[in-house]
1. Hey, does segment 354-376 have a residue that's of a type in the set (D, E) and open to solvent by 40 Å² or more (accessible area, probe 1.4 Å)?
2. If we keep just the residues of segment 196-215 that are of a type in the set (A, V, I, L, M) and surrounded by 14 or more Cβ atoms within 10 Å (Cβ to Cβ), which is farthest from V115 (Cα to Cα)?
3. Collect the residues in segment 56-87 that are within 17 Å of the chain's Cα centre (by Cα), open to solvent by 60 Å² or more (accessible area, probe 1.4 Å) and touching a residue at least 60 places away in the same chain (Cβ under 8 Å), keeping them in residue-number order.
4. Give the residue, chosen from L279, L269, L258, L327, that is within 16 Å of the ligand (Cβ to nearest atom), touching a strand residue (DSSP E or B) at 6+ places or on another chain (Cβ under 6 Å) and not small (G, A, S).
5. Please find, among G164, G238, G191, the residue that is buried (at least 23 other Cβ atoms within 10 Å of the Cβ), within 16 Å of the ligand (Cβ to nearest atom) and either modelled with pLDDT of 95 or more or outside any loop (DSSP other than H, G, I, E, B) (or both).
6. Restricting to segment 316-334, what's the tally of residues that are open to solvent by less than 10 Å² (accessible area, probe 1.4 Å), of a type outside the set (A, V, I, L, M, F, W, C) and farther than 12 Å from D350 by Cα?
7. Being in contact (Cβ under 8 Å) with a residue 60 or more places away in the chain, of a type in the set (A, V, I, L, M) and buried (at least 24 other Cβ atoms within 10 Å of the Cβ) is the filter here; which residues of segment 256-265 pass it?
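The values are calculated or read from the model by the stated rules, or taken from the named source; none is laboratory data. Computed from a predicted structure; not experimentally measured. Using ideal geometry, Cβ is built from the backbone for each residue, glycine included, and neighbour counts are taken over all protein chains shown. We work out accessible area using only protein heavy atoms, side chains counted, and drop any ligands, DNA or RNA first. Shrake-Rupley method; radii C 1.70, N 1.55, O 1.52, S 1.80 Å.
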Amino acid sequence: MTKATETASRRRVLAGLAAGAAAGFLPARFAIGQQAKVKLGLMLPYTGTYAALGKNIDEAFRLALAEKGGRLGGREVEYVVLDDESDPAKGAENANKLVSRDKVDVLIGTVHSGVAMAMVKVATDNDSLLIIPNAGADAATGPACAPNIFRTSFSNWQPGFAMGKVAAARGQKRAVAVSWDYAAGHESINGFKEGFAAGGGKVENELLLPFPQVEFQAILTQIAALKPELVYTFFAGGGAVKFVKDYAAAGLGNSVPLVGAGFLTDGTLAAQGAAAQGLETTLHYADGLDLPKDKAFRAAFKKAANREADVYAVQGYDTGQLLVAGLAAVKGEVTARKELIAAMEKAEIDSPRGKFTLSKAHNPVQDIYLRKVQGLENRYVSVAAKALADPARGCKMV
Ligand code: PHB
């Protein structure tokens, strides 16, 4: 370099720094001619009953970035992938690995509410940016809400509450609730109870079994004896497949209607077959929404992953979209935390589920659809709850 060009390039660097300072932030890892990659920690279940859910989130997340040239705010992306096995006991250690050992810029995960709450704690302790692409743990956008914690999926309360309203509006009064004995099951049932009670309904019995057990016989025998007007359930993934099949095999399908949060039949229909036909559920996604964004997404996902999209793929994609929007606003500078959060908070996500925004607690405000299984589809029936916001009880940001 000649003296003149050196001075000119020095001047450009200084001008760049001044512009950065004027915009309210400075590049953290400044290296001339080379920007550090944005490091993303994907902590998801790649094995176990929720494996298919984790894989769809992963692939659709990458698809959202690939559609933007594989970069975030102009910077290349590096992935660190960790299988959390949906094991809450390993949650803190796994999240700490990503934060402390791998030094990821953004923590993304997970599916299981118990594991997600361990991630929330680690993110809170380390002030890490966390985006939850599935787990509905009410607390994440309730008592544990924080500026650095976002969710692109739902709270467990949301689909449950909507289904409770639907059942009550039909004049049903006596329900039994069935689920796994962990946060997601309890909270989904509580949401249902709240919606159901508002219309005069009551959950008379809650039948629970440890996650991820699938020995349903004792529970099915109890349901047959209790003879409720309907059964509300929260199950997902491999467990949902088995429950729906066992319910039909027990002969209950004809006498006691089975409803649930839509995870019961999402991504599971090929495996459930005839047993799932006619089941009605509530969820923030459905087949037949007739949205251009949904059609484009499904085609792109099918091409990329060689399988059909489902609600988990949608959530993974939207996690990517939220990060794309946030990092575009700060030109890839993840350490410009205040500006990044502000951009993410005000993003309107053009989701395959329909457009949504985030609440003050950082949870989607979204339509919850009533769907009915027809063939391999959860066909859209109606909007069960319009622009439903989680109450975010206990969140100090609200
Ligand atoms: C959860 O643990 O919050 C959870 C897991 C699987 C789902 C939905 C929620 O499909």
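1. no
2. Across segment 196-215, the extreme among qualifying residues is V203.
3. E59, R62
4. Result of the check over L279, L269, L258, L327: L279.
5. G191
6. The number of residues fulfilling the criteria is 3.
7. A261
For every residue, the table says whether it meets (1) open to solvent by 60 Å² or more (accessible area, probe 1.4 Å); (2) without any contact (Cβ under 8 Å) to a residue 40 or more places away in the chain.
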residue: Q217; (1), (2): yes, yes
residue: Y232; (1), (2): no, no
residue: D246; (1), (2): no, yes
residue: N254; (1), (2): yes, yes
residue: D287; (1), (2): no, no
residue: K293; (1), (2): no, no
residue: A304; (1), (2): yes, no
residue: V314; (1), (2): no, no
